[in-house]
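See below for the structure under consideration.
The values are calculated or read from the model by the stated rules, or taken from the named source; none is laboratory data. Please read all numbers here as calculations on a predicted model, not as lab measurements. Quick reminder, even Gly has a Cβ in these numbers, built from the backbone with ideal geometry, and neighbours come from all protein chains shown. What goes into the accessible areas is simple: the full protein's heavy atoms, side chains included, and nothing from ligands, DNA or RNA. Shrake-Rupley method; radii C 1.70, N 1.55, O 1.52, S 1.80 Å.
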Amino acid sequence: SFPTRRSSDLDISVTDQRLFDKAFKALMYTNAISSWRGEGLANQGILAIEMNKITEAEKSFKNAIKIEPYFETGYINLADIYRAQQKPFQVGSILAKGIKNNPKSAALHYSFGLHFTRQKKIEKALPLFKKSMMLQPSNQQYAYTFVLAIDGSGQSRKALDKLKNVMVNYQ
């Protein structure tokens, strides 16, 4: 038996509720079938968050990491749960584990940099932002965040030089 959502949860008209229930059950079934993969478990976790079932979401992301340790999304989403629960040690721990298993993941380096920025440890964030930018040079958000972090560390001149350099690369 799969959980259902009511129209009151999503402001769906009563006439559309049956169609929604059918589609939602199909989604749950599909997620259950694909739960042998990290992606399927991550999808279950995201759905659990939408349904405000945080413990289920945490379990899904942990299982996604266990089954598929090279799937970066499991780490990032689990870290987001810990961040929302104000558990910075767990955030740092899970992102460090993610980077250890996925050293070429720009998204994990970026997420870890954001974690340190939130902790007001910009000196630890800088190399992570730089690495994310190097790993995925086409991602303008990574470059922009790296430049902002340089500026935030009190190195405005260096940030301006880096910004000029980055702008040339994106033209």
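Computed with a 1.4 Å probe over protein heavy atoms only, the accessible surface of the range 47-120 comes to 55 Å² per residue. For the range 60-169, with all protein chains in place and a probe radius of 1.4 Å, 55% of the accessible heavy-atom surface sits on carbon or sulfur.
Once you keep just the Cα pairs under 8 angstrom separated by 6 or more residues, what percentage relative contact order results for the range 57-148? 19 percent. Straight-distance candidates among the lysines for linking to Lys124, with alpha-carbon spacing under 22 Å and chain neighbours fewer than 8 residues away dropped: Lys87, Lys97, Lys100, Lys104, Lys158, Lys162.
Treating r as the C-beta distance of Ala84 and Gln140 and R0 as 25 Å, the FRET efficiency rounds to 0.40. Modelled this way, with points 7 Å down the Cα-to-C-beta line, the labels at Leu148 and Leu160 are 2.0 nm from one another.
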